[in-house]
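Working notes, beginning with the structure itself.
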Amino acid sequence: MAILGGAIVPIFQGYLADKFGVQHSFIIPVFCYLVILIFGAYCTKYLGHVESTEAKAGH
């Protein structure tokens, strides 16, 4: 996901900066952070009941 975001988002943001200005192009990172926030809230709500396990010694 990070590779795709690092390859696609800057191109799209640059296109918006050329068309509408640099300040308006920063709506793209805001949208990306919003997606991350929603994903984190989803995981907290629906995966919060999953217990973590600790590694045991040996193989």
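Solvent-accessible area of residue 45, all protein chains in place: 150 Å² (probe radius 1.4 Å, heavy atoms, ligands and nucleic acids excluded). Take the Cβ atoms of residue 7 and residue 44, set R0 to 25 Å, and the FRET efficiency comes out at 0.30.
The values are calculated or read from the model by the stated rules, or taken from the named source; none is laboratory data. Keep in mind that this is a model prediction, so the values were computed, not measured. Using ideal geometry, Cβ is built from the backbone for each residue, glycine included, and neighbour counts are taken over all protein chains shown. Heavy atoms of the whole protein, side chains included, go into the accessibility calculation; ligands, DNA and RNA do not. Shrake-Rupley method; radii C 1.70, N 1.55, O 1.52, S 1.80 Å.
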